[in-house]
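Taking it in order: structure first as structure tokens, then the write-up.
Every number here is computed from the coordinates shown, using simple stated rules; none is lab data. This one's a predicted model, so the numbers in the text were calculated from it and none came from an experiment. All Cβ positions, glycine included, derive from the backbone under ideal geometry; neighbour counts span all protein chains shown.
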Amino acid sequence: MTTTTTNHSRRSTLHVELAVPAHVSYQTADNLAILTGNREDHVRAVAQSCHLDLDVCFSVYENNNKNNKDNKDVDATAAEVAAAALSANWKLATDVWFPMPITVRDYLTYYCDLTALP
């Protein structure tokens, strides 16, 4: 890692080289976001206001039912979703950008921007 500054500017350029895992593709001009974790008090406040248990683990499933041509979401209880996830109509979502299963605490800490307006 190297840092470059000039005499006529206060700004600096930071040159960082990263090793990309084999399963990740990168092309010139792709973007990389490096985000810091949210403060613990922010995470607790959001969880409390949404009535979430920070230690609960969850995964995201998608409906793979070909009969659902409208691709409409269906309201279901957690037990119904868990049972449906075991059927052939549901599969673990593959287009999410966080590891699964994940705790609510880790999701809110590392994968949500809690300090900016939506």
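The figures follow:
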quantity: Protection proxy ranking, peptides 18-29, 51-62, average beta carbon neighbours within 10 Å, highest first; calculated: 51-62, 18-29
quantity: At R0 = 22 Å, FRET efficiency that the Cβ-Cβ distance of H15 and Y110 yields, to 0.05; calculated: 0.30
